[in-house]
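Here's the structure we're looking at; comments come further down.
Please treat every number below as a calculation from the coordinates, not as lab data. What you are looking at is a predicted structure, and each value in this text was computed from that prediction instead of being measured. Using ideal geometry, Cβ is built from the backbone for each residue, glycine included, and neighbour counts are taken over all protein chains shown.
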């Protein structure tokens, strides 16, 4: 791997035994893991290409313990990497050789559900799906539904601002969190947000969500819960070209319809999915759309008719509307199995996550096909079509020398392409270590410096999750300097997107 | 100062850094009477940094400069069957001005959302990206021009509600949403505040997809309170959901139907808070909805007038009594209270924003310094 992480500090490594002992004084018993076999399960997250055993793992059970661990590490200059369930696809929880890995897995309780105010107070180690399970008997659910929802934790969702197939209509994590309890690197415990809407002052909660574990450690989360829609119906629509499918998506949205989910698959993804789950996907189309409409029965039926009309006007060649729940789930089965399905046709695959303005989809797919030829690697595309979030799956074989490096280079080119057409490096997986070195392709020097100054406001020593998100580490003092001479500010006309 | 280009905004800020002046950022001026008087500050008027940069209805994004009048933005998106998704509140009339004077930059920077915030999210939820000049005099961009993005910190969240204390926005990208073709309101008369909040909670927890929920007490509605539930969407769906809500309301009395113009007028009045016009001190209290009755129970006997929006999550209180009583009631209910309208002397003495807990206050101060180390935007207003 070519990934460069901050150089481990010999002075910290030399104090390992003392650090372990100090952590054991704060978190007794099995809550501190220091033996090599015990550390191994923590050496990677969902981005398994990168591995690094941490110096030590600590699994506190109370906010007070988290605070003491952070304060001790702060005072002693020891780096800390927070971890939820370890499902990050961008390496957000990749450990550091000279860092403490702070796992929140023991924070696994739903503390309170309030149906009148439609919220749940949960600990960060609770899985995303468990929140819905805790409230579904009363007809409620938690809307953000990342595909890893069975395993990923709410704390991790807050760190990554996770989305899911329903986020076009129901929003990302940030739109569904009301408050957090946050422990800062110096051990101070603050509450941001609460059980009400909108902050009294600055929306600090808003900047903590999606900060990838660099600003603080969340020890409690208050999430909004919603009543489950009365029903949902889906359409499975085949198109002879990606252009016509893309135009259909644009026309649906311009027609005033925000579907609960709107997913697109290209030919390779359709073929892989159908070969795997055999649910009757059409194999003679270049693009397949799944459009889900939810709400009361009259709403679903009305919108099924509207979307059908729009699809036909755009030259759809196959169209089925789900008549019952079993059929709706069958439509989704292939999409939901798309990643493992691609895993069956290729020894390995690398999942990318850029967002583009949707109108650029045909050119982006065309350019991606050219890159595919250039790198000699196949690519299957699944696409959150409603919000322009692409998931190209690059097919490679890690056992063939050089293929992983080629896959990574191909992936980087795809993300640069997303930025070039006016999009972004990541729609929902986060920057982490994976896209860290591409940040200058999207942001200028001052843009990144301004983000890092916010980091300095929370963690002036830069001890929390260093080496993630930002390609270069700057000292806070250096970032804080002002460079104004005779009214002239530097870089007056840097090109920006 | 009224710069006409981003470079002139930079120059103005650079000058202020050197001279030690403070800058009071202004858009349409509709909210200028909020916060402490600041006679020493120089007004940085952004109303000439105006115009629509890009609007693509099918992408749901609108890129616009901050000085663009809100009315112009709303008319533009309405032409394409869309709306500014956070339903901006209009402070003009309650502060002695006219309706429709606000700029898009002003409503975003103040984070002021209207009745539909309950179901559709606030300004914070719909600001996707921005370009701004920091208090360092440097231009930076944050966020992006697409609806789904997690690249880097979500600095636009800090912009919504920053109230001119961090940077001068020069361009912003907002998410827009389709405008519902049909809106209808169903109401029930005569409930007390606690019963009304329970009913609104039941409605919000139902499958009827209520878009807005408000409560006018008897004193504001000809001697009989009114609990209002608004439904928006496509015709067949709204009709079906109205029936669901009528069933729910039926347990409390006969449902009143407000359709068409009546529906529009009812919510337009809330958008400018017409029922609480006047010059009594006015507070905007955000609480968990279930806490709303306790706030007014504490203050009503002391002569306050009030109403609920956001199913109780927003309490507007017109009250000339001790500010501490309002702040304490908001704190006790788990929320916060902002002073919106008051005579100058009172605004000089009572902070407009609810004082945060000490740890949060220190963190806010450090975040402000991260954007504005020299205190160029420290006018003392907030």
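Suppose a student asked you for the relative contact order of the stretch B:187-310, using Cα pairs under 8 Å spaced at least 6 residues apart; what percent would you report?
34 percent
Compute for the stretch B:274-349: radius of gyration divided by Kirkwood radius, i.e. Rg/Rh, restricted to C-alpha atoms, rounded to two decimals.
For the stretch B:274-349, the value is 0.94.
Would you please put A:43-49, A:244-250 in order of how densely packed they are, using the mean number of other Cβ atoms within 10 angstrom per residue and starting with the highest? List each step's numbers first, then the result.
Working: A:43-49: 18.4, A:244-250: 24.1.
The packing order, highest mean first, is A:244-250, A:43-49.
Between helix A:267-277 and chain A, what is the angle of the helix's C-alpha long axis to the longest principal axis, kept within 0 to 90° and rounded to the nearest 10?
Computed tilt is about 90 degrees.
Taking every Cα atom in chain A, find the radius of gyration and the maximum pairwise distance Dmax, and write them in Å.
23.4, 71
Counting each DSSP H run of 4 or more residues in chain B as -39500 (n - 2.57), what helix-only mean residue ellipticity at 222 nm follows after dividing by all residues, to the nearest 500 deg cm²/dmol?
Roughly -9000 deg cm²/dmol at 222 nm, from the helical runs in chain B.
As a test of the formula, what do you get for chain A when each DSSP H run with n ≥ 4 contributes -39,500 (n - 2.57) and the sum is divided by the residue count, at 222 nm and rounded to the nearest 500 deg cm²/dmol?
-10000 deg cm²/dmol
Over all directions, average the projected area of the Cα convex hull of the stretch A:231-339 and note it in nm².
The directionally averaged projection comes out at 5.9 nm².
Could you give the alpha-carbon Rg of the protein assembly as shown over 2.2 N^0.38 Å, rounded to two decimals?
Output field value: 0.92.
For each of A:181, A:76, count neighbouring Cβ atoms within 10 Å of the residue's Cβ, then give the residues from fewest to most.
Listing A:181, A:76 from fewest to most nearby Cβ atoms yields A:76, A:181.
With a 10 Å radius around each residue's Cβ, average the other Cβ atoms per peptide and rank B:40-51, A:452-463, highest first.
Result, highest mean first: A:452-463, B:40-51.
Average partner chain C-beta neighbours within 10 Å, per residue of B:194-205?
2
Given an 8 Å cut-off on Cα distances and at least 6 residues of separation, report the relative contact order of chain A as a percent.
Values: 1027 pairs, mean separation 67.4, N = 497.
Relative contact order comes out at 14 percent.
Measuring from centroid to centroid over Cα atoms, what is the spacing of the stretch A:338-368 and the stretch A:241-307 in Å?
For the stretch A:338-368 versus the stretch A:241-307, the Cα centre distance is 17 Å.
Per-residue mean of other chain beta-carbon atoms within 10 angstrom of the beta-carbon, peptide B:359-366?
Details: counts 7, 10, 2, 3, 12, 6, 2, 6.
Per-residue shielding by partner chains comes out at 6.
Applying a 10 Å radius around every beta-carbon, put A:284-293, B:100-109 in order of their mean neighbour count, most first.
In descending order of packing, they fall as B:100-109, A:284-293.
Return the whole-Å distance between the Cα centroid of the stretch B:153-219 and the Cα centroid of the stretch A:408-440.
That distance is 35 Å.
Any chance you could check the Cα centroid distance between the stretch B:19-43 and the stretch B:314-373 for me, in angstrom?
18 Å
Let me know the mean shielding of A:82-94 by other chains, meaning the per-residue number of their Cβ atoms within 10 Å of its Cβ. Walk me through the numbers before you get to the answer.
Numbers: counts 0, 0, 0, 0, 0, 0, 0, 0, 1, 0, 0, 0, 0.
That average works out to 0.
Could you tell me the largest-minus-smallest coordinate of the C-alpha atoms of the stretch A:110-227 on each of the three principal axes, in descending order and whole angstroms?
Result for the stretch A:110-227: principal-axis Cα extents of 40, 29, 25 Å.
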